[in-house]
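Q: Dropping the structure in here first, questions after.
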Amino acid sequence: MPRRGGEKMVLISVHLPQKMLQQIEELVRSGLFPNRSELIRAAIRELILKHSADKTQKEKPKERAEAEAKEEDLPLLRGR
């Protein structure tokens, strides 16, 4: 199984509408991402960060600071 940054990668399968796949492939062709897998990982990271931020806004200040420290461990969406 491939590794990224020392972390074991796990293969999953998803079904996507044809139009969405075409849009993904266009972003890869444009050079914004090196491949479909990187684009999908980046999109998932962004979704996780967004939902983490939404959750931390509702938490107490101490809990918010702890959550933000954990978020720093997730790489941001940067494409290549």
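Q: Calculate, for E7 and L32, the FRET efficiency according to 1/(1 + (r/R0)^6) with r their C-beta to C-beta distance and R0 30 Å; round to the nearest 0.05.
A: 0.80
Q: Can you tell me the order of 39-46, 16-23 when each peptide is scored by its average per-residue count of other Cβ atoms within 10 angstrom, highest first?
A: Highest-to-lowest ranking by the protection proxy: 39-46, 16-23.
Taken together, the values in this text are just the output of simple stated rules run on the coordinates, not laboratory data. Not measured: the values here are computed from a predicted model. For neighbour counting, all protein chains shown are included, and Cβ atoms are generated from backbone atoms with ideal geometry for every residue, glycine included.
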